[in-house]
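The values are calculated or read from the model by the stated rules, or taken from the named source; none is laboratory data. Predicted model, so just to flag it, every value in this text is computed and none were measured. We place every Cβ from the backbone using ideal geometry, glycine too, and count neighbours over all the protein chains shown. Note: accessible area is taken over every heavy atom of the protein model, side chains too, but ligands, DNA and RNA are not part of it. Shrake-Rupley method; radii C 1.70, N 1.55, O 1.52, S 1.80 Å.
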Amino acid sequence: MNAPSDPNLPLIESARVLIDQGQLTEAADVLNRARAQAPNDPRVYLMAGVMSEKAGNVAGAFQLMRTGLELAPNWAPGIVVLAQLQARQGQFAEAKENAATALQLDSKARVVLDGAIDVAHLTGDLQQAVTLLQQGLAQQPTDTKWRLMLANALSQLDRHEDALLRWDEILTESPQNEQALKGRMHTLLAAGRLEDAAVVTAKLLSLAPDNPVYAYYDARANGKTPAHQPAELNRSLFDSAAHIFDQQLVQGLRYQLPLEVAKKILEIFPDKNFSLLDLGCGTGLLGAQLGKLQGRMVGVDVSPKMLEQARRHQLYDSLEVADLHDALATAERYDVITALDVCVYVGDLSQTIPAAWGALVPGGLLILSCESGPEDGPDLFLNPATERYVHKRSHVEAQCRAAGFSVETRDTVLRYQKGKPVHGFVITARKAV
């Protein structure tokens, strides 16, 4: 389908670039030209499906891709693109089945193998990703992209020694490869080898002395617990995961907190006549559970890509890229402020809780969630395995009371990580009338 005399190929590739850049109108024009030139080219329909998904028309994306595959039912690259769409939309069983079919049809094609590896990551099947990456490297042993991905997957599977061997192979050839240095640093931190990690963070800081993310990891490697995670770290993390965030969190990790908190809020405000500040709103999961308010709903997040997803709900009156503390410094006052699955990245709450008190009307509510730390442990702990902060319940309750709140706390399971429950608590703090 990609023969030398392939007049549609330049148009298909041009559309792919435009879609990646978010220039969807221009991409549509290019695809229309490609379709006019070759009406039965299945690539046009598959690429149009990718474009439709990016525009928020998921049903249209599936229809276009299936139309393309009706024209070429045994076309492995097309089948794996459909599998990727299914994985991004949470249809994990179907995605895995189609990825397997594509590999059976053509296991050596780079686009098929890359797509199947992507499906394995999207569906949380890291062992399958490792298997496929090893198959690819057996064919192309020097492929840097695959080698980096393999080392990272091994590290996420807690196969730290295997991962370190892979990182070291890359760094022997390219000592200043920042991706490999960062990967090795993460593996060493997860393995608890702080002294070795400090050597790597020192190297990274020598390459970029003003990088706040490297400074944060250097503090951790030197045995310190930073009070906060830098916004740059969270922005990068969530921007890269925005397009699959809901599927991974809600379906993969069984995250139900927005549903539970929305029910509680609507019990208090059944007429939906209240104003809400949703801190770290992400893709708008809480807003989607609340529905349209009679009052005002404002969402803030450090990740522009997450806000793009939240915007599709068309429920928030305002969505702003902002740091949590900047959002709380506003002159506007709210009936409810929520911070769900946010404190695990904020860390020290000594400024956050009083600022929330100041941003609430009399009688207003602050609802926040934290992962539970042991009561005989430190007030604040950074879990090296998850890179999330863990809070001691009694300490957060005391901080709320010190700020002037009355406190109600509920223990809960926040999500499931690697099949195991992650225990936490939800505090509903009320400002006096």
*Using modelled amide H (1.01 Å from N, peptide plane; none on Pro or chain starts), what sits under 5 Å from the amide H of residue 274, excluding residues fewer than 5 places away?*
294, 295, 296
*Picking from 225, 163, 207, whose Cα lies most toward the positive end of the charge dipole for region 109-229 (charges on Cβ: Lys, Arg +1; Asp, Glu -1)?*
225
*What is the dipole size for region 90-185, taken about its Cα centre, with +1 at each Lys and Arg Cβ and -1 at each Asp and Glu Cβ, in debye to the nearest 20?*
100
_If I compute solvent accessible area with a 1.4 Å probe over the protein chains, what percent of it on the chain is carbon and sulfur?_
51
_About the Cα centre, and with charges only on the beta carbon of Lys, Arg (+1) and Asp, Glu (-1), how big is the dipole of region 313-354? Nearest 20 debye, please._
80
*Rounded to whole Hz, the Karplus (6.51, -1.76, 1.60) HN-Hα couplings of region 313-319, x for glycine and proline*: 6, 6, 10, 7, 6, 8, 10
*Pairs to check: 264/292; 224/420; 263/305; 145/182; 292/392; 182/418. Give those whose C-alpha atoms are more than 25 Å from each other in this structure.*
224/420; 263/305; 292/392
*Find, among the GluC sites (Glu not before Pro) in region 345-402, those assigned to loop by DSSP (not H, G, I, E, B) with at most 14 other beta-carbon atoms within 10 angstrom.*
375
*For region 1-145, what value does the Rg/Rh ratio take when both radii are computed over Cα atoms and Rh is the Kirkwood radius, given to two decimals?*
0.97
*Local electrostatic count at residue 375 - Lys and Arg +1, Asp and Glu -1, tallied over other residues with Cβ under 13 Å*: -2
*Which cross-chain or sequence-distant (5 or more) residues have an amide H under 5 Å from the amide H of residue 255, H modelled 1.01 Å from N in plane?*
250
*Ordered by packing density, taken as the mean number of other Cβ atoms within 10 Å over each peptide's residues, highest first, how do 181-187, 282-288 rank?*
282-288, 181-187
*asked:* Give the separation of the Cα centroids, region 252-296 to region 25-88, in Å.
replied: 35
*What number comes out for the charge environment of residue 83, summing +1 per Lys or Arg and -1 per Asp or Glu over other residues with Cβ under 9 Å away?*
-2
_Looking at the chain as a GNM with Cα springs under 10 Å, which of 76, 385, 38 has the largest mean-square fluctuation?_
38
*Can you list the trypsin sites (Lys or Arg not before Pro) in region 36-129 that are in a DSSP coil and have 16 or fewer other beta carbons within 10 angstrom?*
108
*Hey, rough spin-label estimate for residue 9 and residue 402, points 7 angstrom out along Cα→Cβ, what's it come to in nanometres?*
6.6
_Among 138, 355, 151, which one shows the highest mean-square fluctuation when the chain is modelled as a Gaussian network with alpha-carbon springs under 10 Å?_
138
*asked:* What value in Å³ per residue do you get for the convex hull of the alpha-carbon atoms in region 136-175?
replied: 61
_Helix-only mean residue ellipticity at 222 nm for the chain, each DSSP H run of n ≥ 4 adding -39500 (n - 2.57), per residue, nearest 500_ = -16500 deg cm²/dmol
_Tell me the per residue accessible area of region 290-433 using a 1.4 Å probe; a whole number in Å² is fine._
43
*Under a GNM of the chain (C-alpha, springs under 10 Å), which listed residue has the highest mean-square fluctuation: 354, 209, 258?*
209
_Summed side-chain charge close to residue 125 - residues other than residue 125 whose Cβ falls under 12 Å, Lys, Arg +1, Asp, Glu -1_ = 0
